[in-house]
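Below is one structure, written out as structure tokens, with a few remarks after it.
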Amino acid sequence: MKQGVKVILLSAFFIVLFVSKISAQNKPVNRNATPEARALLEYLYSISGKKILSGAHNGSRNMDQWHNYVEELTGKSPAVWGSDFGNYYREGNPEAIVKESTKRHKDGYIVTLMWHTGRPQDDPPFEWKTSTQGEMSDQDWIDLTTPGTAIHNKWIERVDTIAIYLKQLQDLNIPVLWRPYHEMNGIWFWWGDKKGEDGFAKLWKMMYDRYTNHHQLNNLIWVWNTNTPRDRENDEAYAYELYFPGLEYVDVLAADVYHNDYRQEHHDQLLELAEGKLISLGEVGEMPTPEILDSQPMWAWFMVWSKWVETHNTPQKVKDLYSYPRTLSHGEFKVENSTIDPQATKETINLFNNLREVSRDHILFGHQDDPAYGIGWAYEPGKSDCKITAG
């Protein structure tokens, strides 16, 4: 009996995944990322170079203040809602962030969170100048990044505390643009200006490993958030690449822009370092103008820092940016979440994610054995991935 190869999508017995040459840029660095995190990242890639999401940071004590300000002024609400775990040690503060993040996500906003934390060797409450902006000696840094030391153990205890609240968001299927230890190329935070592979890059990898592998926080999109380089006396920020942990640890490369420092090279250099990954304006003081965004089109979103939207931007400038055709506000976009069953096993989710990745560039082929006709699968090196034999 003559037999033909049957091309099928799924086989009860065997699937060959042909995944060579699939572009890796638009996949999360965490292979186990939740469907919601994947969907958000895919959406950001879909608008890259065409649109830009608006955003506003809100303090942890008044979590809707600056969204309300923009809405009252423009009639539009920022698409991205941001806040800070910096005061996590204050009773009720992290719980309030989880509650507001949940509300914002349900209402169709994108959530981004950060963490102004004190030095690992200090105990809360942290003083801004002496702890968050305190100095870390070279020996302190070595101890921090060396497992088993007192400072390292305190750091673990602290990041584990924040993980509790990020896990609560994961349990609610909420993806988070997570941008810890921002502006690391500046000189003003304890984690700042630590160059080289044993510097900031090592701290970033420590957190990535702790959250991804130990806590299995799969709802995080990892935003490595620099400051635009500047040569201001006692306020310097240095070249991006001196602090970069590597593309395998970063989903989005962001830059903070203050003092209207929207130089074209800042956009272009970050874009070059990203090698096809997304870039964004993690924080801004003075908002970019439409003209700036026309010449720097690859920023995926901008987020104005807290009260700066009022104190460093005229009402007309805010209105102009929110009426700019490329700006997306709340209600003007939709992230299509996956329909995968939340009760699915980890193996099923991994299979689903692999199918999504392959479908972008390739087609799956497979072969189903049929013992009734004596058809079996065999590997034949150099010739074919499958072979049919008939009895």
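Counting other beta carbons within 10 Å of each residue's own, what order do Glu91, Glu72, Glu36 fall into, fewest first?
With the fewest neighbours first, Glu91, Glu72, Glu36 line up as Glu91, Glu72, Glu36.
Can you divide the C-alpha Rg of region 142-241 by 2.2 N^0.38 Å and report the result to two decimal places?
1.17
What's the long-distance tail for region 268-336, i.e. % of Cα pairs beyond 15 Å?
Value for region 268-336 (Cα pairs over 15 Å): 59 percent.
Could you tell me which residue out of Ala96, Gly192, Thr112 lies farthest along the dipole of region 35-346 toward its positive end? Charges go on the beta carbon: Lys and Arg +1, Asp and Glu -1, centred on the Cα centre.
Sorting the options by dipole projection puts first Ala96.
Looking at this model, which pairs from Lys76/Lys317; Lys99/Lys205; Lys27/Lys51; Lys99/Lys167; Lys103/Lys334 are more than 18 angstrom apart at the alpha-carbon?
Listed pairs above 18 Å: Lys99/Lys205; Lys27/Lys51.
Give the calculated FRET efficiency between Asp123 and Arg61 to the nearest 0.05, with a Förster radius of 25 Å applied to their Cβ-Cβ distance.
After rounding to 0.05, the efficiency reads 0.70.
How many nm separate the modelled label positions at Leu172 and Ser323, each set 7 Å beyond the Cα in the direction of the Cβ?
The modelled label-to-label distance comes out at 3.6 nm.
Any chance you could check the Cα centroid distance between region 278-292 and region 206-263 for me, in angstrom?
Taking the Cα centre of each part, region 278-292 and region 206-263 sit 16 Å apart.
How do Ile187, Ile279 rank when sorted from fewest to most other Cβ atoms within 10 Å of their own Cβ?
Placing the least packed residue first, the sequence is Ile187, Ile279.
Can you order the peptides 290-296, 137-143 by their average number of other Cβ atoms within 10 Å per residue, highest first?
Highest mean packing first, the order is 290-296, 137-143.
Calculate, in nm to one decimal, what Lys103 and Ser137 gain on full extension: separation in residues at 0.36 nm each, minus their alpha carbon distance.
My answer for the length gained is 8.1 nm.
Which ³J(HN,Hα) values, rounded to whole Hz and listed in residue order, are derived for region 82-95 from phi using the Karplus coefficients 6.51, -1.76 and 1.60 in 6.51 cos²θ - 1.76 cosθ + 1.60 with θ = phi - 60°, glycine and proline given as x?
In residue order, the calculated couplings are x, 8, 9, 7, x, 9, 4, 7, 7, 4, x, 5, x, 5 Hz.
With θ set to phi - 60° and the Karplus curve 6.51 cos²θ - 1.76 cosθ + 1.60, what are the ³J(HN,Hα) couplings of region 57-65 in order, to the nearest whole Hz, using x for Gly and Pro?
Result, ordered by residue: 8, 10, x, 6, 9, 9, 7, 10, 4 Hz.
For region 35-346, what does the convex hull of the Cα positions come to per residue, in cubic angstrom?
Convex hull volume per residue, Cα atoms: 130 Å³.
By DSSP, what percent of the beta bridges with both residues in region 35-346 are antiparallel, rounded to the nearest 5?
Just about 10 percent of them are antiparallel.
In sequence order, what are the phi-derived ³J(HN,Hα) couplings for region 156-170 according to the Karplus relation 6.51 cos²θ - 1.76 cosθ + 1.60 with θ = phi - 60°, rounded to whole Hz, with x for glycine and proline?
4, 4, 6, 5, 5, 5, 5, 4, 4, 7, 5, 5, 4, 5, 4
Asp256's amide H: which non-local residues (gap 5+, or another chain) put their own amide H closer than 5 Å, with H modeled 1.01 Å from N in plane and none for Pro or chain starts?
Sorted by chain and number, the residues that satisfy this are Thr226, Asn227, Thr228, Gly282, Glu283.
Which of Ile221, Ile164 comes first, and how do the rest follow, when ranked by fewest Cβ neighbours within 10 Å?
Listing Ile221, Ile164 from fewest to most nearby Cβ atoms yields Ile164, Ile221.
So how strong a dipole does region 35-346 carry about its Cα centre when Lys and Arg Cβ are +1 and Asp and Glu Cβ are -1, to the nearest 20 debye?
Rounded to the nearest 20 debye, it is 860 debye.
Each value in this text was obtained by applying a stated rule to the coordinates, not by laboratory testing. Because the structure is predicted, anything quoted here is derived from the model rather than measured. Neighbour counts run over all protein chains shown; Cβ positions are idealised from the backbone, glycine included.
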